[in-house]
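Take a look at the structure set out below.
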Amino acid sequence: AQSVSQHNHHVILSEAASLELGCNYSYGGTVNLFWYVQYPGQHLQLLLKYFSGDPLVKGIKGFEAEFIKSKFSFNLRKPSVQWSDTAEYFCAVNGVGAAGNKLTFGGGTRVLVKP
Amino acid sequence: EPEVTQTPSHQVTQMGQEVILRCVPISNHLYFYWYRQILGQKVEFLVSFYNNEISEKSEIFDDQFSVERPDGSNFTLKIRSTKLEDSAMYFCASKGGNGGELFFGEGSRLTVL
């Protein structure tokens with residue numbers, strides 16, 4: 001079975017600060033990895049995804065994530081956050097070949113960026 | 001840009017009543033999903049659907065839940081007899097192929113009184 005854990009439940013930071021959100025997954029085989037963002041009152045939107053190739057992936061809005069296979073990690077980073085980055089961020093994993101091709105989400109990290 | 005649409009956006013119901021949540025996935029997609037998010041909690045997988053049948057379901061998806069794709073475009077989630085703990089945001093999602101990106105709808109908020 002696949003599982004995802006996100007280390008921080010809440011993060012508060014000021015504009016222009018750097019952001020790093022931790023994500024670790026558990027699955028015995030090849031994985032596809034995702035970060036989704038949920039702005040207040042809105043639906044889940046894809047920030048970035050990793051399927052294969054370069055383990056450093058760049059997404060929308062200046063976000064990037066690095067897949068480190070040996071650590072089963074897929075941490076999300078942004079060098080300089082803005083107030084509009086206030087949202088909840090979800091890491092998700094899809095085990096390739098897993099029944100149903102389902103996406104399993106981590107518990108989410110609420111990020112509050114103070115102006 | 002194609003999108004997943006869900007109706008209703010918000011439904012309030014009495015405990016014990018039947019509820020049907022509707023979703024129109026992206027038209028050429030083949031895999032369909034329902035997820036739910038209880039307020040303040042994580043997004044939880046409920047069920048996946050492919051080739052006109054359930055491919056996987058979670059422990060949450062008990063006999064009170066069912067899914068249907070009645071007409072080739074809609075994908076519905078039915079809760080036969082709602083309980084207070086069914087109150088949540090229900091998200092429909094679809095994807096085109098194996099391993100592809102999941103596209104989510106805006107969600108249907110269900111409140112059970």
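The values are calculated or read from the model by the stated rules, or taken from the named source; none is laboratory data. Only a predicted model underlies this, so the values are computations on that prediction, with no experimental measurement involved. Every residue, glycine among them, receives a Cβ derived from its backbone with ideal geometry; neighbour counts consider all protein chains shown. The accessibility values were calculated without ligands, DNA or RNA, using every heavy atom of the protein model including side chains. Shrake-Rupley method; radii C 1.70, N 1.55, O 1.52, S 1.80 Å.
Residues in the stretch A:82-112 that are closer than 14 Å to A:Val37 by Cα and more than 10 Å from every other protein chain (Cβ to nearest Cβ): A:Ser84, A:Asp85, A:Thr86, A:Ala87, A:Tyr89, A:Cys91, A:Thr109, A:Val111, A:Leu112. When B:Thr111 is tested against (1) touching a strand residue (DSSP E or B) at 6+ places or on another chain (Cβ under 8 Å); (2) at pLDDT below 95, only condition (2) is not met. For the stretch B:69-102, residues that are more than 14 Å from every other protein chain (Cβ to nearest Cβ), open to solvent by less than 20 Å² (accessible area, probe 1.4 Å) and outside any strand (DSSP E or B) total 2. Residue count for the stretch B:6-62, restricted to those that are more than 8 Å from chain A (Cβ to nearest Cβ) and either farther than 28 Å from A:Val4 by Cα or in a loop (DSSP other than H, G, I, E, B) (or both): 32. Being closer than 25 Å to A:Gly95 by Cα, more than 10 Å from chain A (Cβ to nearest Cβ), in a strand (DSSP E or B) and open to solvent by 10 Å² or more (accessible area, probe 1.4 Å): is that true of B:Ser66 here? The answer is yes for B:Ser66.
Of all residues in the stretch A:31-67, those being within 12 Å of chain B (Cβ to nearest Cβ) and of a type outside the set (S, T, N, Q) number 17.
Here the strands (runs of 3 or more DSSP E) wholly within the stretch A:22-115 that include at least 1 residues being open to solvent by less than 30 Å² (accessible area, probe 1.4 Å) and over 28 Å from B:Arg109 (Cα atoms) are A:23-26, A:31-38, A:44-50, A:56-58, A:64-68, A:73-78, A:87-95. Quick one: would you say A:Ala17 is in a loop (DSSP other than H, G, I, E, B) and open to solvent by less than 60 Å² (accessible area, probe 1.4 Å)? For A:Ala17, the condition - in a loop (DSSP other than H, G, I, E, B) and open to solvent by less than 60 Å² (accessible area, probe 1.4 Å) - is met. Set side by side, the residues B:Gly40, B:Gly105 differ, and just one is of a type in the set (Gly, Ala, Ser), open to solvent by less than 70 Å² (accessible area, probe 1.4 Å) and in contact with a strand residue (DSSP E or B) (Cβ under 7 Å, 6 or more places away or on another chain), which is B:Gly105.
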